[in-house]
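Just below is one structure, and these are the notes that go with it.
The values are calculated or read from the model by the stated rules, or taken from the named source; none is laboratory data. These numbers come from a predicted model, not from an experiment. Cβ coordinates were reconstructed from backbone atoms using ideal geometry, including for glycine residues, and neighbour counts include every protein chain displayed.
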Amino acid sequence: MIRRPRRVGTATALAAALLALSVATIVSLVQRLSGARQFVSYDTVATRLHDIHWGDTVVLTAGIIVAALGLLLLALALTPGRAVVVPLEPMDGSDAGIDRRSLRRLSESEGSR
């Protein structure tokens, strides 16, 4: 019955970064299709990407950064966090637990008596 914490911070940061990238792409494409001045110029990005070759240092550096970020996110997802709910000794065949903060407050109040 040990409940583990969710990785809310990591998931939120990754979701926000992907959302920002997606919004920038959509805004740029809509502006390109409507003929308006582009937030991010597709032609500029395409020209820079076509000028980069597989043997360039930029490609190697970007690959290492993306691989390291992927491994970091994988490690964060796989490592268990501290238990949020600590199981109590079962009585009468029922399972019970207490969260860490409540347990800490209880032990502090017992120590002050």
For this session: Residue by residue through region 75-110, note down the ones that are farther than 26 Å from Ala11 by Cα and of a type in the set (Lys, Arg).
Result: Arg104, Arg105
Exercise. List pairs: first in region 9-20 and touching a residue at least 12 places away in the same chain (Cβ under 8 Å), second among the aliphatic types (A, V, I, L, M), Cβ under 8 Å, 6+ apart or cross-chain?
Worked result: Thr10/Leu73; Thr10/Leu76; Thr10/Ala77; Leu14/Leu73
For this session: Select from region 54-113 the residues that are among the acidic types (Asp, Glu) and exposed (fewer than 10 other Cβ atoms within 10 Å of the Cβ) and write down the one among them that is modelled with the lowest pLDDT.
Result: Glu110
For this session: Can you tell me which residue within region 22-70, out of those that are among the hydroxyl-bearing types (Ser, Thr, Tyr) and over 21 Å from the mean Cα position of the chain (by Cα), is farthest from Thr10 (Cα to Cα)?
Result: Ser34
For this session: Residues being farther than 27 Å from Val66 by Cβ and of a type in the set (Gly, Ala, Ser): count how many of those fall in region 17-38.
Result: 3
